[in-house]
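The values are calculated or read from the model by the stated rules, or taken from the named source; none is laboratory data. Since this is a predicted model, take the numbers as computed values, not measurements. Heads up, the Cβs are rebuilt from the backbone with ideal geometry, glycines too, and the neighbour counts pull from every protein chain shown.
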Amino acid sequence: MAEILIIGAGIVGLSSAYYLKKQGHSVVILDKSEIQDNCSYGNAGMIVPSHFVPLAAPGMISQGIRWMLNSKSPFYVKPSLDSNLITWGLKFMKYATDAHVAKAAEPLRDLSLLSKQLYEDLAKEPGFDFGLVNNGILAFYKTEKAAEEEAHLAAAGRKLGLDMVELSPAECQALQPALELDVLGAVHYKCDSHLYPKQLMHLLLKYLTKEGVRILRNHEVTDIEYKDKKVTRVWTGSTDWRADHYVLATGSYSPALAKLAGIKLSIMPGKGYSFMEDDPEHKMTVPALLCEARVAITPMNGQIRYGGTMELAKMNDKINMRRVEGIVESIPQYFKNLSPKLPKQEDIWFGFRPASPDGLPYIGRSKSMDNLIIATGHGMMGLGLGPATGLLVSQIIGEKTTAVSVDAFQPSRFAS
Ligand SMILES: Cc1cc2nc3c(=O)[nH]c(=O)nc-3n(C[C@H](O)[C@H](O)[C@H](O)COP(=O)(O)OP(=O)(O)OC[C@H]3O[C@@H](n4cnc5c(N)ncnc54)[C@H](O)[C@@H]3O)c2cc1C
């Protein structure tokens, strides 16, 4: 059995460790943080086979430009001469086509359905209660335009074998009896699920530690050495680490790490915010997506998590309160009796979605380093796609046939 070194302890790194350990490998994980608050913790917890349309889709560019003119809008690109943003943006524009959407749908669906199944399997294991609920997601709309787009999406989803149905306001109300709805209708993404990410991460860390995986916190990888198409060792400051195989699972930080190994990886960090609210009064039963406002609302841990916005800019720790106000103000427009207070800055969580320009993750062996597997770029679906990615990483390292094809996810697909 092999020695594996995983860089990054988000959901992708931990899921990879989980399946690699099950196959009997010796696994070490290095993470630069305390592993208490990466992007895998504060997200909306949604598992979304319904999201078979990648972010790079027709209409996103014109919609994005309109949104940029509104300081409370859910999407923002900071205009900049940053070469990463420019090359990312050019690729995004190239892929925002109907042809790309059609090509991406089946690979994304297959990866998502595999992941959902793996979450169901994991939830059956003793000690793995992470709040998995299979009652779908309601995508609410208020305008005819969004209704039409959602109907189109639901029809395309059904063609792909996904359970997605349009509901009238009365049918929506029956599913959310405690909420006073002000909507035109919704599509019920019955194929989707949700969970409590913080609890999932906690249980995975606990399980892996018990199984003998070495998880090293505050170990930032600062250099990667390579020779003859192989990574030879990685450095955390003055300490070096050697393994047979290396897994790069560092989310939005991956381009900088890949660069250390001489590899170009196009990812922009897509900053999003979330906050929690106790929900004693209005019990939300089914998670919600507010289509026009692009807000996600998820019941978890007896509370409600509200999340949204996508700011594409260089990583920074600033909280843009205007955008959080945008999230807060949108909620009573859909649910008359649900109006969370504007949270204090210190109660707002933010994370960076690792967004690839074509909206597909990078999963596969590096073309230039035979013993390096890249597993990142999952954008707004990394939590949902974590287990499938981990399983695929373990199968690639084990030189087994992968459970689903990884052709669409090749890390070198943009290499010129
Ligand atoms: C507001 C919001 C809502 C979201 N909602 C959902 C959702 O509902 N469903 C869904 O599927 N996804 C959702 N996402 C996206 C999802 O959270 C991410 O795609 C996912 O968490 C990425 O996981 P990861 O393991 O790739 O990266 P991360 O969780 O970011 O982990 C990367 C790790 O790498 C470590 N690292 C970085 N550099 C180094 C280094 N040099 N050395 C060592 N370690 C290093 C970091 O410390 C970090 O722990 C949401 C994201 C946001 C922001």
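Taking the criterion of being polar (S, T, N, Q) and crowded, with 19+ Cβ neighbours inside 10 Å, the only residue of the range 182-234 that qualifies is 193.
Would you say residue 256 is aliphatic (A, V, I, L, M) and within 20 Å of the chain's Cα centre (by Cα)?
Details: aliphatic (A, V, I, L, M): yes; within 20 Å of the chain's Cα centre (by Cα): yes.
So residue 256 fits the description; yes.
Name the one entry in 323, 353 that is in a helix (DSSP H, G or I) and among the basic types (Lys, Arg).
On the way: 353 fails: in a helix (DSSP H, G or I).
Residue meeting the stated conditions: 323.
What do you reckon, is residue 346 closer than 26 Å to residue 78 by Cβ, more than 16 Å from the ligand (Cβ to nearest atom), of a type in the set (Asp, Glu) and at pLDDT 95 or above? Yes: the conditions hold for residue 346.
Residue under question is residue 315, and the condition is that it be within 24 Å of residue 298 (Cα to Cα) and either under 21 Å from the mean Cα position of the chain (by Cα) or not in a helix (DSSP H, G or I) (or both); does it hold?
Working: within 24 Å of residue 298 (Cα to Cα): no; either under 21 Å from the mean Cα position of the chain (by Cα) or not in a helix (DSSP H, G or I) (or both): yes.
Criteria not met by residue 315.
How many residues are over 27 Å from residue 318 (Cα atoms), buried (at least 24 other Cβ atoms within 10 Å of the Cβ) and hydroxyl-bearing (Ser, Thr, Tyr) if we restrict to the range 367-393? Of the residues in that region, 1 qualify. Taking residues in the range 191-204 that are within 14 Å of residue 127 (Cβ to Cβ), and partners anywhere that are at pLDDT below 95 and buried (at least 23 other Cβ atoms within 10 Å of the Cβ), not one pair has Cβ atoms closer than 6 Å while being at least 6 places apart or on different chains. Within the range 93-115, the residues that satisfy the criterion of being in a helix (DSSP H, G or I), farther than 13 Å from residue 408 by Cα and touching a helix residue (DSSP H, G or I) at 6+ places or on another chain (Cβ under 8 Å) are 93, 112, 114, 115. Scanning for something outside any loop (DSSP other than H, G, I, E, B), within 14 Å of the chain's Cα centre (by Cα) and closer than 25 Å to residue 267 by Cβ, does the range 389-403 turn up at least one residue? Yes, the conditions are met somewhere in the range 389-403.
So, in the range 331-364, how many residues would count as being of a type outside the set (A, V, I, L, M, F, W, C) and surrounded by fewer than 20 Cβ atoms within 10 Å (Cβ to Cβ)?
Filtering the range 331-364 for residues of a type outside the set (A, V, I, L, M, F, W, C) gives 332-334, 336-337, 339-341, 343-347, 351, 353-354, 356-359, 361-362, 364.
Now narrow it down to the ones that are surrounded by fewer than 20 Cβ atoms within 10 Å (Cβ to Cβ): 332-333, 336-337, 339-341, 344-347.
Qualifying residue count for the region: 11.
Would you check if residue 81 is under 23 Å from the mean Cα position of the chain (by Cα) and either surrounded by 13 or more Cβ atoms within 10 Å (Cβ to Cβ) or in a loop (DSSP other than H, G, I, E, B) (or both)? The answer is no for residue 81. Checked against (1) buried (at least 20 other Cβ atoms within 10 Å of the Cβ); (2) more than 9 Å from the ligand (Cβ to nearest atom); (3) part of a loop (DSSP other than H, G, I, E, B), residue 71 meets all criteria but (1).
Quick check on the range 126-138. Is at least one of its residues under 17 Å from residue 293 (Cβ atoms), at pLDDT 95 or above and either surrounded by 18 or more Cβ atoms within 10 Å (Cβ to Cβ) or of a type in the set (Ser, Thr, Tyr) (or both)? Looking for residues that are under 17 Å from residue 293 (Cβ atoms), at pLDDT 95 or above and either surrounded by 18 or more Cβ atoms within 10 Å (Cβ to Cβ) or of a type in the set (Ser, Thr, Tyr) (or both), one finds at least one in the range 126-138, hence yes. Among the conditions (1) within 30 Å of residue 79 (Cβ to Cβ); (2) within 15 Å of the ligand (Cβ to nearest atom); (3) outside any strand (DSSP E or B), residue 292 misses just one, which is (2). Pairing residues of the range 235-252 that are among the aliphatic types (A, V, I, L, M) with residues that are part of a strand (DSSP E or B) and within 9 Å of the ligand (Cβ to nearest atom), at Cβ distances under 7 Å and at least 6 apart in sequence or on separate chains, gives 247/7; 247/375; 248/7; 248/375; 248/376; 249/7; 249/375; 249/376.
For the range 218-235, which residues satisfy the criterion of being in a strand (DSSP E or B) and more than 27 Å from the chain's Cα centre (by Cα)? Walk me through how you get there before you give the answer.
Step one: of the range 218-235, the residues in a strand (DSSP E or B) are 223-227, 230-235.
Residues satisfying the conditions are 225, 226, 227, 230, 231, 232, 233, 235.
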